[in-house]
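Just so it is clear, none of the values below were taken in a lab; they were calculated from the coordinates. Since the model is a prediction, treat every value here as computed from it, not as a measurement. Virtual Cβ from ideal backbone geometry, glycine too; neighbours counted across all protein chains shown.
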Amino acid sequence: MNQIDLKNKTAVVTGGAQGIGLAIAEIFLESGALVSLWDQDEKLVNETAQRLSSKGNVEAVVMDVADLISVENAVRQTQTALGGIDILICNAGISGPTEKLWEYPPDAWQKIIDINLTGVFNCLRAVTPIMIEQNYGRIVNVASVAGKEGNPSASAYSSSKAGVIALTKSLGKELAQFDIAVNCITPAAAKTQIFDQMSEEHIQYMLSKIPRERFLKVDEAASMVAWLCSSENSFTTAGVFDLSGGRSTY
């Protein structure tokens, strides 16, 4: 794995207790960053922070990205514990049920939008002013290939991730005059606990669409994110970086 210099940078990773978020937190710590794991699962995030403590300075923050007050409290807790926020990874998300749109449960639709899209908005809204004041920041939002193409029986998830892509482009342009880079990644499916929310039929559908004929490895996502969050990424912003194994590279 390439060495990325993130020394003395403080990073927030939402949904950092497992999956892609955990892999990102690990490479950040190995690259010298201080890491704040934001997650709703109190037991899991504390266990993860304890396990990662041998790699560097890491803290656990129990919070809910869908609740703006909870997000603002998490910002204050992180600033107090680690001194600031230089990097923000908006990774927390859920897949929801796999149902046809006309049969999709309205409460499930709302929950997915609240977490996957409004949750990203809440975190960006709370952290962006800090980055503007210090004229430095790196933001990566975790979208999905589903946000580009729209997966069948996943209208809520696909719509939420399409919204994350558009949100990234808008904020990136709004912050272009600062040394703040705002980008997103669009991964194909990775074998994480989010698979537990999906039917086997839907999992096989996703696999069939990937030209590399395998699922994404979380370390592969983390490597791309690490570079996007480095000071070397000083020009690219409002970009969408493909991690779909050749499925949709536009």
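Provide the FRET efficiency to the nearest 0.05 for the ILE132-ASN57 pair, computing r from the beta carbons and using R0 = 30 Å.
About 0.75, to the nearest 0.05.
I need TRP38, TRP109, TRP102 ordered by Cβ neighbour count within 10 Å, fewest first.
Lowest count first: TRP102, TRP109, TRP38.
Once the Cα atoms of helix 119-134 and of the chain are each reduced to a long axis, what angle between those two axes, in degrees from 0 to 90 to the nearest 10, is obtained?
That works out to roughly 30 degrees.
Quick check for me: using +1 on Lys/Arg Cβ and -1 on Asp/Glu Cβ, what's the dipole size of segment 10-240 about its Cα centre, in debye to the nearest 20?
Charge dipole, segment 10-240, about its Cα centre: 500 debye, nearest 20.
Give the order of ASP219, ASP86 when sorted by the count of other beta carbons within 10 angstrom, beginning with the fewest.
ASP219, ASP86
Once every Cα of segment 10-240 carries one equal point scatterer and solvent is ignored, give the base-10 log of I(q)/I(0) from the Debye formula at q = 0.08, 0.11, 0.15 Å⁻¹, two decimals.
Relative scattering, expressed as log10 I(q)/I(0), comes to -0.26, -0.51, -0.97.
If I take every Cα pair under 8 Å that is 6 or more residues apart in segment 10-240, average their sequence separation and divide by the length, what percent do I get for the relative contact order?
Contact order relative to length: 20 percent.
Can you tell me the 0 to 90 degree angle between the C-alpha axis of helix 218-228 and the longest principal axis of the chain, rounded to 10?
With both axes taken from Cα atoms, the answer is about 50 degrees.
Using only the Cα atoms, what convex hull volume per residue in Å³ does segment 90-214 have?
In segment 90-214, the Cα convex hull volume per residue is 108 Å³.
Given the -39500 (n - 2.57) contribution per DSSP H run of 4+ residues, what per-residue ellipticity at 222 nm results for the chain, rounded to the nearest 500 deg cm²/dmol?
-13000 deg cm²/dmol
Among all the lysines, which ones have a C-alpha under 18 Å from LYS111's C-alpha, if same-chain residues fewer than 8 places away are not counted?
LYS100, LYS161
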